[in-house]
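Have a look at the structure below before the remarks.
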Amino acid sequence: MQLTINGRDVTVDVPADMPVLWVLRDVVGLTGTKFGCGIAACGACTVHLDGTPTRSCVTPVSAAVGKRITTIEAIGETQPGKKVQQAWLDLEVVQCGYCQSGQIMAAAALLAKRPHPTDADIDAAMSGNICRCGTYPRIRLAIKHAARTPTSATRGG
Amino acid sequence: MDRVSRREFLIAGAAAGGGLLLGWRIEAQPRVAAAPRTPTPLEFAPNAFIRVGTDGGVTLIMGQVEMGQGMYTSMPMLLAEELEIGLDQVRLEHAPSDDKRYANPLFGFQATGGSTSVKGLYLPMRRAGATARTMLIAAAAARWNVEPASCRAERGSVIHAASGRRLGYGALAAAAAELPIPDNVPLKRPEEFKLIGTPAKRLDTPAKVKGVAQYGIDVRLPGMKIATVAASPVLGGTLASLDEAKAMAIPGVRQIVRLDDAVAVVADHMWAAKQGLAALAIRWDDGPNATVSIADVVEGLAAAAATPGVVARKEGDAAAAIAGAATKLEAVYQAPFLAHTTMEPINCTVHVRPDGCEVWTGSQVLARAQATAAQVSGLPLEKVVVHNHFLGGGFGRRLEVDYVTQAVRIARQVDGPVKVVWSREEDVQHDVYRPYYYDRIAAGLDAGGRPIAWTHRLVGPSILARWLPPAFRNGLDGDALDGAVHLVYDIPAIQIEYVRHEEGVLNTGFWRGVGVTHNTFVIESFIDELAVAAKTDPFAYRHALLDKAPRARAVLELAAKEGSWGATLPAGRGRGIALMYSGWDTYVAEVAEVSVSPVGEVRVHRVVCAVDCGIIVNPDTVKAQIEGGVIFGISGALWGEVTLKNGRVEQSNFHDVRVLRMNETPAIEVYLIRNGEAPGGIGEPGTAVTAPALANAVFAATGKRIRKLPLKADQLRSA
């Protein structure tokens, strides 16, 4: 099966119904995308399929064929992703960090769609992502902080 | 060679590869609030090692683990402050498992938990840094033939201002290692601090935002297989039968491992393992707990609560005083079993070879992981290596090594390394749960409404009796009693009793705050009841009882002020207040605002916390821990509940283990009191103070006093 992961073409020999999550983690070796619940209830496994935030734990790999899969390892190469990662650093969002790959992927997709999100936008985009350390207040502030960051002239990566 | 100074805390010597190596130890004192403290002298057991390399690099080998609480920043801050280096100049290594070398000074063995790290290591870590700095300055002074007092250290160099000479630590490390260890080096005065008390950036954040931080679950090894597991759904049950052929037919499934109480499917990847497990059609012999329900547990606790307990604190004759009081109040409070649901599901990777065993995991108790691996594999301790990782949440769950034991049992039957990963369902249903507690509490008030007597009998299992048996003394579990015996209110007659009652239907253990989290709910709800009975404002009622506890009074006043106590609220909202003090030596007061919908759904609108944790190392981390602790506390208080039916846990995943989400998160404000008191713990207080603040706010909003957590809709529905 031919996949495009973070701009690279990757061939994998896996069952068609295998979720993207396990293809990334156990076959391709990209472990930044996290396993949290397996039922699309926590958001830790969020990746982008053609820019759309997607729960990789319930997305069969066959549904990702022909689409661009972007993971936490490469989201910093996009402008929204880069801004979000920097905002996470500037506002010291992270505690244990395990859910943050998914949080950052969800936030980057939000900013790509809505560069100046309202609180309601943030609630809608982020409420599928659980954080047990309780970093939500800082995530909200960091998304607003990222939204205020000027877009840099040069594209990173 | 290392030279050990028996009179001193510190050792120093040449590091492998050159440079200065420094370690230290502290006399260990188990943290047991209600038990006498008897220091246990240990052999030389440094709590961390510092290595100053000939390249000038400073490495701190951390015995404490990082699970989000900021230890990998706070500890380097303490070291860097006294060693006169920048925080950016400290490199960190996870320490290997070693109880002797990396004992937590407050436990006496290698453990991270109980909000003890800064409390226990604040002075030792600084002393080590100051000693290293003094030795490096002495080495420079000797080389320049000047007085050490004429030199100073700055950002990893020693400077002789008079002559303008400067040498980096790297050039001095080897010479410093030859010098005697100085006695009693002076520590900085707080006004000289450059780092302590400043909001330092966390050192672990960059790797975590890029997705490259390695958690236990991220381990990848050549030839590694992935296994997932199903343990008996009923505690004490055993494997009866399974359909192995069906599972083995799934592509990628390699092996079925049978244990007496569990089955693991070993595969090329998690997907195959999960499918294999589902295909096994396992049948269990449920054993003696086959029919147990949550009602049986409560019945057992209630019966135990009718019997006198072991007295943990006694002042005056509380029972007699209550009998003669103008007003008597009594109540039963209950707190449910709770799951941890750390975001990183339980996992452990093991490679058992004939001559050794390696373990890769995230653990709060590394040496215990090593010990269980040695025991299960039958190998000597020194043949077992545990590689620790970042923890995707601890909250007490990773103070247990049940999952290491299980993974080694599985790995013994597997050729090559195997990563055992629990599904979320397995994680929820085989947790080591916060115990169910059942409390009987009573008070007597004088004619003016002031309490003259207080009795509190708390009933539940003893975690310490299992986890740290020497700490369970005279029938008292200091952890279960933590907070209850620290009652700060000025009441003339007090009796606190503990009834140990083990149900044995679920494994129980630590959960962010355990004893204090449950006791603060009981105490602070009941104080609110007394205020209502006395027809007094809940803030004023508490305040009048705190003349002898000025730090408690100060946080209460600050929370009330910042939390707009007394100001008018929109219709339908209520405001609650709670105060917390315990063996963590931290004072927190919280004001919470809630509303309750007609169907009984509680919404938290605003939370204000005032915190006095003594000297603050990293104020940003303190705030983050309180914010996170409050959110953890809201999840627990509103929805947290693990129940049993036919011996089985009824919940399984985040659809029925409800936790707070972004859209439900209130505004949270944290106000810090600055003083020079000894540092207290900060990981758990935010959680402990939240449930009673919410329950009191619910009472203010609805007039309903909820004495049984969680604050669920079925207790609050009005429509």
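The values are calculated or read from the model by the stated rules, or taken from the named source; none is laboratory data. Given the structure is predicted, the values throughout are model-derived calculations rather than measurements. Please note: Cβ atoms are built from the backbone with ideal geometry, for glycine as well, and neighbour counts cover all protein chains shown.
Among the residues of the range B:266-277, write down those that are part of a strand (DSSP E or B) and either under 32 Å from the mean Cα position of the chain (by Cα) or basic (Lys, Arg) (or both).
none
From the list A:Thr78, A:Thr135, pick out the single residue that is hydroxyl-bearing (Ser, Thr, Tyr), more than 7 Å from chain B (Cβ to nearest Cβ) and closer than 26 Å to B:Leu203 by Cα.
Just a single option satisfies the conditions, and that option is A:Thr78.
Which condition does A:Gly102 not pass, out of (1) assigned by TED's automatic domain parsing to the domain that holds A:Arg8; (2) under 23 Å from B:Lys419 (Cα atoms), if it passes all the others?
Only one criterion is unmet by A:Gly102, namely (1).
Name the residue, out of A:Val61, A:Val65, that is among the hydrophobic types (A, V, I, L, M, F, W, C), surrounded by 24 or more Cβ atoms within 10 Å (Cβ to Cβ) and either touching a residue at least 40 places away in the same chain (Cβ under 8 Å) or more than 11 Å from chain B (Cβ to nearest Cβ) (or both).
Exactly one of A:Val61, A:Val65 is among the hydrophobic types (A, V, I, L, M, F, W, C), surrounded by 24 or more Cβ atoms within 10 Å (Cβ to Cβ) and either touching a residue at least 40 places away in the same chain (Cβ under 8 Å) or more than 11 Å from chain B (Cβ to nearest Cβ) (or both), namely A:Val61.
Among the residues of the range B:373-407, which ones are β-branched (Val, Ile, Thr), more than 17 Å from the chain's Cα centre (by Cα) and buried (at least 23 other Cβ atoms within 10 Å of the Cβ)?
Answer for the range B:373-407, where residues must be β-branched (Val, Ile, Thr), more than 17 Å from the chain's Cα centre (by Cα) and buried (at least 23 other Cβ atoms within 10 Å of the Cβ): B:Val384, B:Val386, B:Val404.
Do we find that B:Glu557 is more than 14 Å from chain A (Cβ to nearest Cβ), surrounded by fewer than 21 Cβ atoms within 10 Å (Cβ to Cβ), over 24 Å from the mean Cα position of the chain (by Cα) and farther than 30 Å from B:Ala231 by Cβ in this structure?
yes
Among the residues of the range B:619-626, is any surrounded by fewer than 24 Cβ atoms within 10 Å (Cβ to Cβ), farther than 17 Å from B:Thr690 by Cα and touching an Asp or Glu at 6+ places or on another chain (Cβ under 6 Å)?
Looking through the range B:619-626, at least one residue is surrounded by fewer than 24 Cβ atoms within 10 Å (Cβ to Cβ), farther than 17 Å from B:Thr690 by Cα and touching an Asp or Glu at 6+ places or on another chain (Cβ under 6 Å).
Is at least one residue of the range A:95-108 more than 7 Å from chain B (Cβ to nearest Cβ), in a loop (DSSP other than H, G, I, E, B) and not aliphatic (A, V, I, L, M)?
No: the range A:95-108 contains no residue that is more than 7 Å from chain B (Cβ to nearest Cβ), in a loop (DSSP other than H, G, I, E, B) and not aliphatic (A, V, I, L, M).
Kindly evaluate A:Gly81 against the criterion of being closer than 30 Å to B:Thr73 by Cβ and in the same structural domain as A:Pro15 (by TED's automatic domain parsing).
Here the answer is no, as A:Gly81 does not meet what is asked.
Please verify whether B:Gly316 is in contact with a Lys or Arg (Cβ under 6 Å, 6 or more places away or on another chain) and either in contact (Cβ under 8 Å) with a residue 40 or more places away in the chain or among the hydrophobic types (A, V, I, L, M, F, W, C) (or both), treating the condition exactly as stated.
no
Could you identify the single residue in B:Val310, B:Val332, B:Val376 that is more than 30 Å from B:Ile527 (Cβ to Cβ), aliphatic (A, V, I, L, M) and either more than 14 Å from chain A (Cβ to nearest Cβ) or out of contact with any His (no Cβ under 7 Å at 6 or more places or on another chain) (or both)?
Testing whether each residue is more than 30 Å from B:Ile527 (Cβ to Cβ), aliphatic (A, V, I, L, M) and either more than 14 Å from chain A (Cβ to nearest Cβ) or out of contact with any His (no Cβ under 7 Å at 6 or more places or on another chain) (or both) leaves just B:Val376.
Out of B:Ala678, B:Ala695, B:Ala688, B:Ala701, report the one residue that is more than 11 Å from chain A (Cβ to nearest Cβ), under 21 Å from the mean Cα position of the chain (by Cα), part of a helix (DSSP H, G or I) and among the small types (Gly, Ala, Ser).
B:Ala688
Which one of these is within 11 Å of another protein chain (Cβ to nearest Cβ) and either out of contact with any strand residue (DSSP E or B) (no Cβ under 8 Å at 6 or more places or on another chain) or not aromatic (Phe, Trp, Tyr) (or both): B:Lys194, B:Lys208, B:Lys188?
B:Lys208
Quick one: would you say A:Leu89 is within 14 Å of A:Leu3 (Cα to Cα), without any contact (Cβ under 8 Å) to a residue 40 or more places away in the chain and either facing chain B (nearest Cβ under 8 Å) or touching a helix residue (DSSP H, G or I) at 6+ places or on another chain (Cβ under 9 Å) (or both)?
no
Taking the range B:330-372 as the search range and keeping residues that are acidic (Asp, Glu) and either crowded, with 24+ Cβ neighbours inside 10 Å or not assigned by TED's automatic domain parsing to the domain that holds B:Asn507 (or both), which one is farthest from B:Arg705 (Cα to Cα)?
Once the filter is applied, the top-ranked residue is B:Asp355.
Only one of these is facing another protein chain (nearest Cβ under 9 Å), crowded, with 23+ Cβ neighbours inside 10 Å and in contact with a strand residue (DSSP E or B) (Cβ under 7 Å, 6 or more places away or on another chain): A:Asp17, A:Asp26. Name it.
A:Asp26
Search the range B:159-190 for residues being assigned to a loop (DSSP other than H, G, I, E, B) and aliphatic (A, V, I, L, M), and hand back the single one that is farthest from B:Ala678 (Cα to Cα).
Among them, the one singled out is B:Ala162.
Can you tell me which of B:Glu299, B:Glu382 is without any contact (Cβ under 8 Å) to a residue 24 or more places away in the chain, within 30 Å of B:Val505 (Cβ to Cβ) and assigned to a helix (DSSP H, G or I)?
B:Glu299
Only one residue in B:Arg648, B:Arg674, B:Arg603, B:Arg661 is basic (Lys, Arg) and within 30 Å of B:Thr291 (Cα to Cα). Which one?
Sole residue among the options that is basic (Lys, Arg) and within 30 Å of B:Thr291 (Cα to Cα): B:Arg648.
B:Val311 passes all but one of (1) among the β-branched types (Val, Ile, Thr); (2) within 32 Å of the chain's Cα centre (by Cα); (3) part of a helix (DSSP H, G or I); which number fails?
Single failed check for B:Val311: (3).
Given the options B:Thr238, B:Thr307, B:Thr327, name the one that is surrounded by 14 or more Cβ atoms within 10 Å (Cβ to Cβ), of a type in the set (Val, Ile, Thr) and in the same structural domain as B:Val649 (by TED's automatic domain parsing).
It is B:Thr327.
Which ones in the range B:405-441 are over 24 Å from B:Glu502 (Cα atoms) and more than 14 Å from every other protein chain (Cβ to nearest Cβ)?
Once the filter is applied, which keeps residues that are over 24 Å from B:Glu502 (Cα atoms) and more than 14 Å from every other protein chain (Cβ to nearest Cβ), the range B:405-441 yields B:Ala407, B:Val408, B:Arg409, B:Ile410, B:Ala411, B:Arg412, B:Gln413, B:Val414, B:Asp415, B:Gly416.
Go through the range A:39-58 and report how many residues are facing chain B (nearest Cβ under 9 Å) and either crowded, with 23+ Cβ neighbours inside 10 Å or among the acidic types (Asp, Glu) (or both).
Number satisfying all stated conditions: 2.
Restrict the check to the range B:643-662 and report whether at least one residue is of a type in the set (D, E, K, R), over 30 Å from B:Leu235 (Cα atoms), in a helix (DSSP H, G or I) and out of contact with any Phe, Trp or Tyr (no Cβ under 7 Å at 6 or more places or on another chain).
Within the range B:643-662 (the criterion being of a type in the set (D, E, K, R), over 30 Å from B:Leu235 (Cα atoms), in a helix (DSSP H, G or I) and out of contact with any Phe, Trp or Tyr (no Cβ under 7 Å at 6 or more places or on another chain)), the answer is no, since none of the residues qualifies.
Do we find a residue being surrounded by fewer than 24 Cβ atoms within 10 Å (Cβ to Cβ), more than 8 Å from chain A (Cβ to nearest Cβ) and in contact with a strand residue (DSSP E or B) (Cβ under 6 Å, 6 or more places away or on another chain) anywhere in the range B:628-643?
Checking the range B:628-643: at least one residue is surrounded by fewer than 24 Cβ atoms within 10 Å (Cβ to Cβ), more than 8 Å from chain A (Cβ to nearest Cβ) and in contact with a strand residue (DSSP E or B) (Cβ under 6 Å, 6 or more places away or on another chain).
Within the range B:52-73, identify whether any single residue is modelled with pLDDT of 90 or more, touching an Asp or Glu at 6+ places or on another chain (Cβ under 9 Å) and not in a helix (DSSP H, G or I), and answer yes or no.
So far as the range B:52-73 goes, no, none of its residues is modelled with pLDDT of 90 or more, touching an Asp or Glu at 6+ places or on another chain (Cβ under 9 Å) and not in a helix (DSSP H, G or I).
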